[in-house]
């Protein structure tokens with residue numbers, strides 16, 4: 001059964017990860033994953049809010065490209081981000097498998 005969250009309640013990271021359809025949340029999580037891989041430069045949290053500056057969103061797109069993934073961020077919180085490898089649309093999970101495989105050499 002899904003956990004009920006009140007609109008006035010502050011969400012923890014684990015609760016935020018259960019939210020679906022949040023493209024900005026996906027960007028924040030993607031930035032965090034790059035940081036966990038040892039790529040500095042992202043500060044996805046300022047205070048308790050998920051936050052990426054415009055330049056950080058551009059850097060995020062460029063990082064995906066550097067590791068062979070075209071990344072499409074549509075803004076807002078309705079349309080999920082899209083990921084492409086060699087022009088073929090792939091799942092977010094497959095995009096990250098592709099990126100992480102380059103770090104396991």
Do we find that residue 55 is at pLDDT below 90 and either more than 20 Å from residue 36 (Cβ to Cβ) or in a loop (DSSP other than H, G, I, E, B) (or both) in this structure?
yes
Would you mind stating whether residue 24 is modelled with pLDDT of 70 or more and touching a helix residue (DSSP H, G or I) at 6+ places or on another chain (Cβ under 7 Å)?
no
Among the residues of the range 29-51, are any in contact with a helix residue (DSSP H, G or I) (Cβ under 7 Å, 6 or more places away or on another chain), in a helix (DSSP H, G or I) and at pLDDT below 65?
no
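The values are calculated or read from the model by the stated rules, or taken from the named source; none is laboratory data. Since the model is a prediction, treat every value here as computed from it, not as a measurement. Quick reminder, even Gly has a Cβ in these numbers, built from the backbone with ideal geometry, and neighbours come from all protein chains shown.
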